[in-house]
Amino acid sequence: MQSQYFWGLGVGFIPLLLFLIGYGLSLGSSTNSGFALSLVFIGLGLYLIELIATIVLLFRPAVRYWGYGLLTAFLVSPIVVGIACTVLPGLLRHA
């Protein structure tokens, strides 16, 4: 049960990682802006798919802990994105 939760948590953070990589690339250089924006939009699309998958998994008892992991990642991701979007431009400006 506990390993299912951590697997769900890990899979749930994939959209967050794609979004943050795309956002960081878009701030870092203007040459890769098309690739960076595509990563951002893929991350947002996967985030919406994650919501649907979370709802489906929470209603199935055999994989409910996967759903709990996805739900945790789904709820934490906007907070992490908000903090990263505030802090990352300042870090890249000083580097």
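The values are calculated or read from the model by the stated rules, or taken from the named source; none is laboratory data. The model shown is predicted, which means the values in this text are computed figures rather than measured ones. Cβ sites come from the backbone with ideal geometry, for glycine too, and all protein chains shown count toward neighbours. To get the accessible areas, we keep the full protein, side chains included, count just its heavy atoms, and leave off ligands, DNA and RNA. Shrake-Rupley method; radii C 1.70, N 1.55, O 1.52, S 1.80 Å.
Yes/no matrix, rows are residues, columns are (1) touching a strand residue (DSSP E or B) at 6+ places or on another chain (Cβ under 7 Å); (2) more than 12 Å from residue 71 (Cα to Cα); (3) surrounded by 15 or more Cβ atoms within 10 Å (Cβ to Cβ):
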residue: 8; (1), (2), (3): no, no, yes
residue: 20; (1), (2), (3): no, yes, yes
residue: 27; (1), (2), (3): no, yes, yes
residue: 34; (1), (2), (3): no, yes, no
residue: 38; (1), (2), (3): no, yes, no
residue: 43; (1), (2), (3): no, yes, yes
Original post:
In this structure, does residue 88 turn out to be over 14 Å from the mean Cα position of the chain (by Cα), closer than 12 Å to residue 19 by Cβ and not aromatic (Phe, Trp, Tyr)?
Top reply: yes
**OP:** Considering only residues that are open to solvent by 90 Å² or more (accessible area, probe 1.4 Å) and assigned to a helix (DSSP H, G or I), look in the range 45-63 and name the one that is nearest to residue 86 (Cα to Cα).
**Re:** 48
Original post:
Regarding residue 92, is this residue open to solvent by 40 Å² or more (accessible area, probe 1.4 Å) and touching a residue at least 60 places away in the same chain (Cβ under 8 Å)?
Top reply: yes
**OP:** Of all residues in the range 1-28, count the ones that are touching a helix residue (DSSP H, G or I) at 6+ places or on another chain (Cβ under 8 Å) and without any contact (Cβ under 8 Å) to a residue 40 or more places away in the chain.
**Re:** 7
Original post:
So which residues in the range 77-89 are surrounded by fewer than 20 Cβ atoms within 10 Å (Cβ to Cβ), closer than 13 Å to residue 12 by Cβ and in contact with a helix residue (DSSP H, G or I) (Cβ under 8 Å, 6 or more places away or on another chain)?
Top reply: 80
